[in-house]
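Everything below concerns the one structure shown next.
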Amino acid sequence: MNQNLAIGADIGGSHISCAAVDLSSGKVLKETFSGRPVDNQAHASKIIHEWSEALKEVLEKVKIGEVRGIGFAMPGPFDYVNGISYIKGVAKYENLYGFNIGDAIHSSLETSANFGIRFMNDASSFAVGEAWGGKAKKAGRSMSITLGTGFGSAFISNRIPVVDGPDVPRLGCVYHLPFNGKIADESFSTRWFASSYKNATGKEISGVRELAEIAKTDVRAQELFTEYGSNMGTFLAPWLNRFKAEVLVIGGNISNAYDLFGDVFEEQLKREKCICSVELSDLKEDAALLGSAYLFDDNFWRNVQHALPLM
């Protein structure tokens, strides 16, 4: 039987999404999709149970003999080689600290020892998915970012994440780099919008979607989106130029408000002499599913293994 399928699993801050992916065509099999909310404060056994139940729903819709394994798009800190979580201090999944996720999933699903379970950083998975089947498909060198509760990023060369060397920052991502007295993760995530709006008006917002609605009539909200776009252009341009990225792909929930900051962002890139094209992700959540499943493409797996310990 041909093993032509792999399951991609995207582990979000409070949910799991998973589906089978056809490795020959690079397509997510939508009819196999499964997703569910997950209590990220629950005991480790409860979290593993919820993940496993979602994965079982996918496995019930395919022939197990055709599945090479499960690839996880996981947030860090995480040992992507050995499958061990080191998340702490971020109010999510802390009860998984030191837990071997691969062993736990094997045990929960009762899969054979030769059934593959592999892991890759979630932002890298998104970027690989875009390079395999998305807006970066035709680019040899690309950068992808996810804008939301955090500021995810990855640099890609010929579908492989670049995590070290002179062309990229330490760890091959930018969230930890300084900007305006903070780190980039504080400056380009939902937290920046919420804190900036509260400091300016004394009012709290639930998220960027609410702020985008307010921006139709609220001048201060409009100004925040303009400031955000300008700042992000200033911050990213040097790295896009240094890496010689041909395209920047943008995903994440904040990208839904791109019409409020996109023009300013792209104008600032041009001022910084960055000629990289900018694209919004069409794949969205599917990008991480594709990227994580792609861990079971033999050629990709051979070439990406050196990068996993550095993610």
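Just so it is clear, none of the values below were taken in a lab; they were calculated from the coordinates. What you are looking at is a predicted structure, and each value in this text was computed from that prediction instead of being measured. So basically every Cβ, Gly included, is an ideal-geometry build from the backbone, and we count neighbours across all protein chains shown.
Fewest-first ordering of Ile160, Ile250 by other beta carbons within 10 Å of each residue's beta carbon gives Ile160, Ile250. A Gaussian network model of the chain, with springs between Cα atoms under 10 Å, assigns the largest mean-square fluctuation among Phe225, Phe72, Phe115 to Phe115. Neighbours of Asp39 by Cβ distance under 11 Å: Lys/Arg scored +1, Asp/Glu scored -1, total +2. Ordered by the number of other Cβ atoms lying within 10 Å of each residue's own Cβ, fewest first, Ser195, Ser85, Ser144, Ser25 fall into the sequence Ser25, Ser195, Ser85, Ser144. Report, as a whole number in µm² per second, the diffusion coefficient that Stokes-Einstein gives for the stretch 12-101 at 25 °C and 0.890 mPa s using the Kirkwood radius over alpha carbon pairs. The calculation lands on 175 µm²/s.
Fewest first, what order do Leu29, Leu260 take by the number of other Cβ atoms within 10 Å?
Ascending Cβ contact count within 10 Å gives the list Leu29, Leu260.
Axis of helix 44-59 versus longest Cα principal axis of the chain: the two differ by about 70°, to the nearest ten degrees. Using the Cβ of Lys56 as centre and a radius below 12 Å, the other residues enclosed give a net charge of -3, where K and R count +1 and D and E count -1. Each helix, a run of at least 4 DSSP H residues, gives -39500 (n - 2.57); summed and divided by the residues of the chain, these come to -11500 deg cm²/dmol at 222 nm. A cut-off of 5 Å between modelled amide H atoms, ignoring neighbours fewer than 5 places along the same chain, links Lys135 with Asp282, Leu283. Summarising the amide proton neighbourhood of Phe78: residues at separation of 5 or more, or on other chains, whose placed amide H is nearer than 5 Å comprise Tyr86. Compared with the dominant principal axis of the Cα atoms in the chain, helix 190-201 is inclined by about 30°.
Across the stretch 260-271, computed HN-Hα scalar couplings (Karplus, 6.51 cos²θ - 1.76 cosθ + 1.60, θ = phi - 60°) run 8, 9, x, 4, 4, 4, 5, 5, 5, 4, 5, 4 Hz from first to last residue, x flagging Gly and Pro. In units of the compact-protein estimate 2.2 N^0.38 Å, the chain shows a Cα radius of gyration of 1.00. Put simply, the amide H of Val278, placed in the peptide plane, has neighbours under 5 Å in Leu248, leaving out anything fewer than 5 places away on its chain. Shown in residue order for the stretch 219-234 are the 3J(HN,Hα) couplings computed by the Karplus curve 6.51 cos²θ - 1.76 cosθ + 1.60 at θ = phi - 60°: 5, 5, 4, 4, 5, 5, 5, 5, 4, 4, x, 5, 4, 5, x, 4 Hz (x for Gly and Pro).
For the stretch 232-311, the relative contact order works out to 37 percent when only alpha carbon pairs closer than 8 Å and six or more residues apart are counted.
Taking Glu130, Glu227, Glu246 as the candidate residues, the one with maximal mean-square fluctuation in a Gaussian network model of the chain, Cα springs under 10 Å, is Glu227. State log₁₀ I(q)/I(0) for the stretch 137-281 at q = 0.15, 0.16 Å⁻¹ as given by the Debye formula over alpha-carbon point scatterers of equal weight, solvent excluded. Here log10 of I(q) over I(0) equals -0.72, -0.82. Grab the other residues whose beta carbon is less than 9 angstrom from that of Gln3, score K and R as +1, D and E as -1, and report the net. Every neighbour counted, the sum reads 0.
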